[in-house]
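The values are calculated or read from the model by the stated rules, or taken from the named source; none is laboratory data. Remember, it's a predicted structure, so these values are computed and weren't measured experimentally. Glycine gets a Cβ as well: all are built from the backbone with ideal geometry, and neighbour counts include every protein chain shown. Surface accessibility is based on the protein's heavy atoms, side chains included, excluding ligands, DNA and RNA. Shrake-Rupley method; radii C 1.70, N 1.55, O 1.52, S 1.80 Å.
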4 protein chains.
Amino acid sequence: LWNKNLSCKDFVSRLGRVGFQSVELKRAADVVVKMKKSGAKVFLTFTSNMVTSGLRGFFAQLVRLKLVDVIVTTTGAIEEDIMRAFGEKFFVGSFRSDDVALYEQGVNRVGNLFISNESYAKFEAKIKGFLGDCFSAKPRWPVSELLREIGLKLDDVDSFLFQAAKNDVPVFCPGITDGAFGFHLFLFQQTHKDFVVDVVKDFANIVFSSNQDMKKGGIILGGGISKHHAIFSCLINGGLDFAVYLTTSNPASGSMSSATTSEAKSWGKIRDDSDAVTVFGDVSITFPLMMSFALEVLSDEGLIEDE
Amino acid sequence: LWNKNLSCKDFVSRLGRVGFQSVELKRAADVVVKMKKSGAKVFLTFTSNMVTSGLRGFFAQLVRLKLVDVIVTTTGAIEEDIMRAFGEKFFVGSFRSDDVALYEQGVNRVGNLFISNESYAKFEAKIKGFLGDCFSAKPRWPVSELLREIGLKLDDVDSFLFQAAKNDVPVFCPGITDGAFGFHLFLFQQTHKDFVVDVVKDFANIVFSSNQDMKKGGIILGGGISKHHAIFSCLINGGLDFAVYLTTSNPASGSMSSATTSEAKSWGKIRDDSDAVTVFGDVSITFPLMMSFALEVLSDEGLIEDE
Amino acid sequence: LWNKNLSCKDFVSRLGRVGFQSVELKRAADVVVKMKKSGAKVFLTFTSNMVTSGLRGFFAQLVRLKLVDVIVTTTGAIEEDIMRAFGEKFFVGSFRSDDVALYEQGVNRVGNLFISNESYAKFEAKIKGFLGDCFSAKPRWPVSELLREIGLKLDDVDSFLFQAAKNDVPVFCPGITDGAFGFHLFLFQQTHKDFVVDVVKDFANIVFSSNQDMKKGGIILGGGISKHHAIFSCLINGGLDFAVYLTTSNPASGSMSSATTSEAKSWGKIRDDSDAVTVFGDVSITFPLMMSFALEVLSDEGLIEDE
Amino acid sequence: LWNKNLSCKDFVSRLGRVGFQSVELKRAADVVVKMKKSGAKVFLTFTSNMVTSGLRGFFAQLVRLKLVDVIVTTTGAIEEDIMRAFGEKFFVGSFRSDDVALYEQGVNRVGNLFISNESYAKFEAKIKGFLGDCFSAKPRWPVSELLREIGLKLDDVDSFLFQAAKNDVPVFCPGITDGAFGFHLFLFQQTHKDFVVDVVKDFANIVFSSNQDMKKGGIILGGGISKHHAIFSCLINGGLDFAVYLTTSNPASGSMSSATTSEAKSWGKIRDDSDAVTVFGDVSITFPLMMSFALEVLSDEGLIEDE
């Protein structure tokens, strides 16, 4: 039931009595609260479209509020965070656009969002300088250390790379070459043969970012390599104690993106006694809704600063 | 961005800047507001699982608040509304239940919700008396008139049949025989051969419930016969001026459940200049979220009573 | 592995060793074979978009080959079968059409298929005469008996209504008023007040079309009222012994369209020891593939005529 | 319509007249034929679950038949190809397994497929030796060169790594550390500090594997990093001339996995005049069906060897 001036927290509480995915969303929000109260190390993973969407500033806020300890994401997310930090804007458009016309206008579509070619040009202009600075310090860079250096240079409170760097939250990106960032790494290596991005060392870094003895929690948005990398690295350290998976995929396909928290238990990726919930639905809605509830509860209990 | 004591209304406002389905949800909420402010006749349709879920009382509230003028639904929704009006409870369970074990315990599963056989027995006990009373008045009943009589007998503020009957909102159910209700109609007709449920007359009733000259709006939850019936009856009267479709289906299958508001324009089911939005995602989340925003806005403008 | 001149039967056999939905499709094909060999009464259900697609002639063939004993479908399927029987054609178009332009051209879109307004006009011209003929025989018609009369007049080997009528296969349509057919029933009743479509009597007909003692099988394409009606009527007679569900829906929504064969066991809709398989995927591909395998096997064993 | 001894080729031809995804599948098969006849460089991408499924040998066959020029995939696919090359078997199970029980038995679930812990142990035993051999030749390895060395040692006709190595088809894996393979790279680097996997150099390799002047085609199975990497590297060289996307994802989420061929045109990833088709449905069914048609046609025209 609705009432005047309904709060987001009460709204999610009521979802817990509705059914289907609303119940699972409330359960997931409860798991996030529990994960924080237990002192677990929290891994947040997201795909690049989550940063194309307006959730980027929210990710940055979560890092600032100490909700998150480790981030795993993809190259597109990093590129777009950098573009936005330099003032580029994305636009809300339509899923049913004329894509050939958009191309001719220099506009790239991601679902119902638009990114202009100018934003990529801006990214290009900045990234060269960054890589030069890093290389002059040393030739061999694990990915997360490179991203930390870049984050420190951004100076935008809504940038997750900036907030992560400031708050000692490592950002892992196991497929770093897959995107415009990769293209610029390649161009740079053409003229700096000794330049190495050391992905193997970064695997050590993510494995050592947690250990067998600490509790571990995962907030997993969408699927793909970000999802798998976080839960696989936790598997090596005994599996996740808490996990929420937010996805749009149907498990019928057997894909990683759609693999449920139940399936993860067969692998030991999630401990069999862990609190684990899968929520099906668009992450641009389910994630902020789940987190708004969790943040209110944690704030009520004095476990995070208010905003 | 989150802030302490975030309201549901502000939350949805912010979704309008995120992207993907969150943007569509905000757009849909705006269309609901516009539809009401234009004075449109509002058709609400839902599938039976929406009543299995805890949304039943919310539907009743929307009728009471005069948000809705016509309801179209399926037999299961009617049966379950009646069971609940007599105090039966449904239970929140799990999608991954042992279904053979549930069967042995007399428990029926709908997704992650459970309905017991006792609830059906209670329904059976009541429906016989209802039909006897109706038949003694006349032998031939259009569906919506039968449902009105039943609604008047329920006396439960959270029953949508009760609220609809009290507020002169017709409830249409074009596939009335498809469920336990149909089974009892059949048993009753075995001993009362003259008893007729006149579905053709009820088609006249839904067609005459609106007309060419009035603005018409549709809030369409899920798909199936409820969805098609509402938009088809509006097509006969010139098409919908406003429409929001909330669904989990992928349009790739060509099914009615997944047919978008865009496709409806090709049929004239939605006027080509209408405000029409499709939101993909679990309706148990997207519908209450969309409506909570719309209700706050309408309440702020004095267009509905507060609660 | 592929080899030159691969047969459809061998192809499906090999799918049984692949995984994910290909395995389920092979299992489903095996269940269809078993269902026929056991002598089960076979219920086939389909949504109207299956008839919009080119599967109509295949349904007619299955009836002719005695694969199917009872059909349950929706109004759209019946309308389109009649249009096509009178020579109307549908066209293959695109999912990404300009729907407003199509409307202006008098073209209606169903996914990537197009139906012209002329086809509806042709339907209208014919249906009036049909109803007059039927009414002159008697005023009160259960749906399946009305459809049988219409089927007998069609004379098109590719019409499922025609083949069903010729082969004593009843066609049930519990939501008969939901479509252009309903509109014409309504117009006819305006001038023939005694005309009654007796849906309650037709519920008796579907219940009596099988019984507790016979084995029962369901081939369920898509969801909605067609699906529910067939399995509910079998539930009354002790549940299905064999069932294959072919669907595109994700069970996460708790809808009837997505409800799995496992969920049906909790209701007794499927006996707990029955052979039951759910295949996720586009039915326009999975259904003909599954049936082609089953038909070859049944033909090899002399259980159906060759074609 | 079905006929006795229906061939797979005729089956797919007939799908072209059905509608919804069956039409798109036939269109996709035609694009594959056209792509080969034009002499395009063909990029095949697949996610790891495609190798968990029984499609591995089919991928190997396609390489042997010269259908494919470049492969892009993920770490899981590589690990599982190696396990299978050493005789490990995977098992067909059920989507609704007891995952905690499976874990206790040392069985890992991927949808309805099972992989035992022994298979991972076998992989571990082999990979150490491989890495030692490679390191003794040189310390710095682009991924595709490392995979080529490994492929040459496998000696299993059904291994795609083996066939790729033998037929000079590079296998790219931009997220190589994300899996058990990554874990062993990490262990090896702990004792061999100079060991470097050079992902940046491999980006150069994939960019140089095609060029602006040659026609380029993509056969894209599922989504994720494999999909993006292939189409992004082709974008740098002017975009794909031909593309087929086979996916289960709904574009509503804005994810890479669900991004359609239309969206890709806005980016220039696919040339605006290219032949591009998206097919929604389970790839374990749609891919072998599409390819069987294409292989028959190409074989009829003498463009591939028969098998």
| task | Give just the number: which of (1) part of a loop (DSSP other than H, G, I, E, B); (2) over 28 Å from residue C:239 (Cα atoms) does residue C:39 not satisfy? | result | (2)
| request: Would you check if residue B:158 is of a type in the set (Asp, Glu) and open to solvent by 20 Å² or more (accessible area, probe 1.4 Å)? | output: yes
| request: Quickly run through segment C:13-44 and pick out the residues that are surrounded by fewer than 24 Cβ atoms within 10 Å (Cβ to Cβ), under 19 Å from residue D:56 (Cβ atoms) and out of contact with any Gly (no Cβ under 7 Å at 6 or more places or on another chain). | output: C:13, C:14, C:16
| said: Restricting to segment A:277-288, give me the number of residues that are facing chain B (nearest Cβ under 7 Å) and among the aliphatic types (A, V, I, L, M). | reply: 1
| task | Using the structure shown, decide if residue B:191 is among the β-branched types (Val, Ile, Thr) and under 24 Å from residue B:81 (Cβ atoms). | result | no
| note | With criteria (1) more than 7 Å from chain D (Cβ to nearest Cβ); (2) open to solvent by 10 Å² or more (accessible area, probe 1.4 Å); (3) at pLDDT below 90, residue A:272 comes up short on (1)
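Against the definition (at pLDDT 95 or above and among the hydrophobic types (A, V, I, L, M, F, W, C)), how does residue D:33 come out, yes or no?
yes
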| message | Checking residue A:112 against (1) in contact (Cβ under 8 Å) with a residue 24 or more places away in the chain; (2) within 14 Å of chain D (Cβ to nearest Cβ): exactly one of these is not met. Which one? | response | (1)
| field | Residues of segment C:164-188 that turn out to be in a helix (DSSP H, G or I), open to solvent by 10 Å² or more (accessible area, probe 1.4 Å) and either in contact with a Pro (Cβ under 7 Å, 6 or more places away or on another chain) or farther than 20 Å from residue B:234 by Cα (or both), as a count | value | 1
| Within segment D:206-223, tally of residues that are at the interface with chain A (Cβ under 10 Å from one of its Cβ atoms) and among the acidic types (Asp, Glu) | 0
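Rundown of residues vs (1) part of a helix (DSSP H, G or I); (2) within 11 Å of chain D (Cβ to nearest Cβ); (3) in contact (Cβ under 8 Å) with a residue 24 or more places away in the chain, yes/no style:
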| residue | (1), (2), (3) |
| --- | --- |
| A:96 | no, yes, no |
| A:102 | yes, yes, no |
| A:118 | yes, no, yes |
| A:131 | yes, yes, yes |
| A:135 | yes, no, yes |
| A:147 | yes, no, yes |
| query | Given the residues A:78, A:82, which is the only one that is in contact with a strand residue (DSSP E or B) (Cβ under 9 Å, 6 or more places away or on another chain) and under 28 Å from residue A:218 (Cβ atoms)? | reply | A:78
| Boolean, residue D:1 is open to solvent by 10 Å² or more (accessible area, probe 1.4 Å), facing chain C (nearest Cβ under 8 Å), among the aliphatic types (A, V, I, L, M) and over 23 Å from residue D:155 (Cβ atoms) | yes
| remark: With the first residue restricted to segment D:57-79 and required to be under 9 Å from residue D:160 (Cα atoms), and the second required to be of a type in the set (Ser, Thr, Tyr) and open to solvent by less than 10 Å² (accessible area, probe 1.4 Å), Cβ contacts under 7 Å at 6 or more apart or on different chains are D:60/D:159
| field | Of residues in segment A:224-255 being more than 7 Å from every other protein chain (Cβ to nearest Cβ) and of a type in the set (Gly, Ala, Ser), the one nearest to residue D:195 (Cα to Cα) | value | A:233
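Matching residues to (1) modelled with pLDDT under 90; (2) open to solvent by 10 Å² or more (accessible area, probe 1.4 Å); (3) not β-branched (Val, Ile, Thr):
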{"site": "A:225", "(1), (2), (3)": "no, yes, no"}
{"site": "A:230", "(1), (2), (3)": "no, no, yes"}
{"site": "A:234", "(1), (2), (3)": "no, no, yes"}
{"site": "A:242", "(1), (2), (3)": "no, yes, yes"}
{"site": "A:256", "(1), (2), (3)": "yes, yes, yes"}
{"site": "A:262", "(1), (2), (3)": "yes, yes, yes"}
{"site": "A:268", "(1), (2), (3)": "yes, no, yes"}
{"site": "A:285", "(1), (2), (3)": "no, no, no"}
{"site": "A:302", "(1), (2), (3)": "no, yes, yes"}
| field | Criterion (within 16 Å of residue D:138 (Cα to Cα) and either modelled with pLDDT of 95 or more or polar (S, T, N, Q) (or both)) met by exactly one of D:188, D:181 | value | D:188
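Given the structure, is residue C:89 modelled with pLDDT under 95, part of a loop (DSSP other than H, G, I, E, B), more than 27 Å from residue D:263 (Cβ to Cβ) and more than 8 Å from every other protein chain (Cβ to nearest Cβ)? So that I can check it myself, show each step before the final result.
Working: modelled with pLDDT under 95: yes; part of a loop (DSSP other than H, G, I, E, B): yes; more than 27 Å from residue D:263 (Cβ to Cβ): yes; more than 8 Å from every other protein chain (Cβ to nearest Cβ): yes.
Yes.
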| note | residue D:126 meets each of (1) part of a loop (DSSP other than H, G, I, E, B); (2) surrounded by fewer than 21 Cβ atoms within 10 Å (Cβ to Cβ) with one exception, condition (1)
| task | Only one of these is part of a helix (DSSP H, G or I) and modelled with pLDDT of 95 or more: D:78, D:71. Name it. | result | D:78
| message | Within segment B:92-143, take every residue that is among the basic types (Lys, Arg) and closer than 30 Å to residue A:261 by Cα and give me the one that is modelled with the lowest pLDDT. | response | B:96
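For every residue, the table says whether it meets (1) among the small types (Gly, Ala, Ser); (2) open to solvent by less than 30 Å² (accessible area, probe 1.4 Å); (3) under 12 Å from the mean Cα position of the chain (by Cα).
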position	(1), (2), (3)
D:55	no, yes, yes
D:58	no, yes, yes
D:63	no, yes, yes
D:77	yes, yes, yes
D:87	yes, no, no
D:97	yes, yes, no
D:104	no, no, no
D:114	no, no, no
